[in-house]
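Chemist: The structure follows.
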Amino acid sequence: DKVLDELTLDAVARYIKSGKCKNIICMVGAGISTSAGIPDFRSPGTGLYANLRKYDLPYPEAIFQIDYFKKHPEPFFALAKELYPGQFKPTICHYFMKLLKDKGHLRRCYTQNIDTLERVAGLEGEDLIEAHGTFYTSHCVSFCCRKEYNLDWMKDKIFSDDIPRCDKCNSLVKPDIVFFGENLPVRFFTSMKMDFPCCDLLIVMGTSLQVQPFAGLVGRYCRSSFIFLKTIADPLFGLLGFGGGMDFDSDKAYRDVAHISTCDEGCLALAELLGWKVQLQRKQKKKVSAFLKCLCKPIYDSPV
């Protein structure tokens with residue numbers, strides 16, 4: 001079913017304001033945090049994987065491989081010290097998703113990010129599916145132990161340049177982020193079965209959708225909804241190969257919208273069309289005290 005009168009950002013705004021768009025799902029990746037100073041993974045020259053030579057890795061992705069981590073944890077914890085949550089502030093894009101929640105439109109945010117900036121911006125456990133885990137909790141890697149540790153414990157270890165080891169069995173302790181070779185949280189799979197059939201609008205931001213099974217979510221949306229794609233990169237980046245059936249500019253295109261800009265610029269543009277721009281800018285200018293207060297929120301549900 002066609003829900004847009006034209007494939008433009010203005011039409012997306014009209015659809016949201018029409019009252020028919022009640023369940024918006026956001027799918028986000030590292031690109032929404034680059035303006036906060038956090039590098040994405042794959043951008044040539046500036047991405048994280050392009051700047052890991054100092055860690056003497058066999059290949060860049062090894063730093064997030066569970067088997068490599070168990071044998072050589074030092075590179076990961078050195079990187080974690082550089083990128084540790086709490087050193088960066090949310091972006092316009094993060095606050096736009098919080099505004100969607102405040103307006104009653106956000107069904108869920110599915111995020112690949114482990115920087116926790118969605119939480120700092122005000123989204124809570126029920127609003128989020130942290131597909132690749134979180135730094136909020138950590139666990140001993142031993143299957144016979146699995147002792148849990150909190151954010152402060154892990155932070156003390158990382159910033160003391162100590163390799164975190166379990167007080168109980170002396171095995172490695174790893175933040176509950178999902179490494180290559182590990183399963184995604186069970187909640188990722190159970191929630192997508194409930195959320196995507198009732199999706200009215202899917203907003204994809206800051207991700208090249210190159211990592212499965214997260215990328216496969218684009219093929220699960222209800223066929224009467226459509227995808228608004230906004231990214232800092234080429235709009236096509238292989239999406240058609242993931243079975244999402246996206247069509248931006250063919251003669252048969254009827255649903256999918258690509259708005260090419262930075263993530264923050266795109267969110268500001270849509271917010272202006274919705275009449276929310278002033279509110280969004282106010283959210284983005286939260287005081288540092290409010291930012292620090294968010295970091296002290298209690299730990300939410302563990303992904304394992």
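Chemist: Restricting to the stretch 5-18, give me the number of residues that are out of contact with any His (no Cβ under 7 Å at 6 or more places or on another chain) and either among the basic types (Lys, Arg) or modelled with pLDDT of 90 or more (or both).
Modeler: Counting residues in the stretch 5-18 that are out of contact with any His (no Cβ under 7 Å at 6 or more places or on another chain) and either among the basic types (Lys, Arg) or modelled with pLDDT of 90 or more (or both) gives 8.
Chemist: Among the residues of the stretch 226-261, write down those that are in contact with a helix residue (DSSP H, G or I) (Cβ under 7 Å, 6 or more places away or on another chain), open to solvent by 40 Å² or more (accessible area, probe 1.4 Å) and at pLDDT 80 or above.
Modeler: His259
Chemist: Within the stretch 170-215, track down each residue that is in a helix (DSSP H, G or I) and open to solvent by 30 Å² or more (accessible area, probe 1.4 Å).
Modeler: Val186, Arg187, Phe189, Thr190, Lys193, Met194, Pro197, Cys198
Chemist: Oh, and also: Can you pull out the residues in the stretch 38-62 that are open to solvent by less than 50 Å² (accessible area, probe 1.4 Å) and either under 30 Å from Leu201 (Cα atoms) or at pLDDT 85 or above (or both)?
Modeler: The answer is Ile38, Pro39, Asp40, Ser43, Gly47, Ala62.
Chemist: Please enumerate the residues belonging to the stretch 76-114 that are part of a loop (DSSP other than H, G, I, E, B), in contact with a strand residue (DSSP E or B) (Cβ under 8 Å, 6 or more places away or on another chain) and either among the aromatic types (Phe, Trp, Tyr) or within 26 Å of Pro164 (Cα to Cα) (or both).
Modeler: If the condition is that a residue be part of a loop (DSSP other than H, G, I, E, B), in contact with a strand residue (DSSP E or B) (Cβ under 8 Å, 6 or more places away or on another chain) and either among the aromatic types (Phe, Trp, Tyr) or within 26 Å of Pro164 (Cα to Cα) (or both), then Tyr84, Pro85, Gln112, Asn113, Ile114 are the ones that fit.
Chemist: Restricting attention to the stretch 78-87, does a residue exist that is within 30 Å of Leu201 (Cβ to Cβ) and touching a residue at least 12 places away in the same chain (Cβ under 8 Å)?
Modeler: yes
Chemist: So Trp153 fits all but one of (1) over 28 Å from Pro197 (Cβ atoms); (2) open to solvent by less than 30 Å² (accessible area, probe 1.4 Å); (3) among the aromatic types (Phe, Trp, Tyr); what number is the exception?
Modeler: Failing condition for Trp153: (2).
The values are calculated or read from the model by the stated rules, or taken from the named source; none is laboratory data. Model, not experiment: these values are computed from the prediction. Here the Cβ is made from the backbone with ideal geometry for all residues, glycine too, and neighbour counts use every protein chain on show. The accessibility values were calculated without ligands, DNA or RNA, using every heavy atom of the protein model including side chains. Shrake-Rupley method; radii C 1.70, N 1.55, O 1.52, S 1.80 Å.
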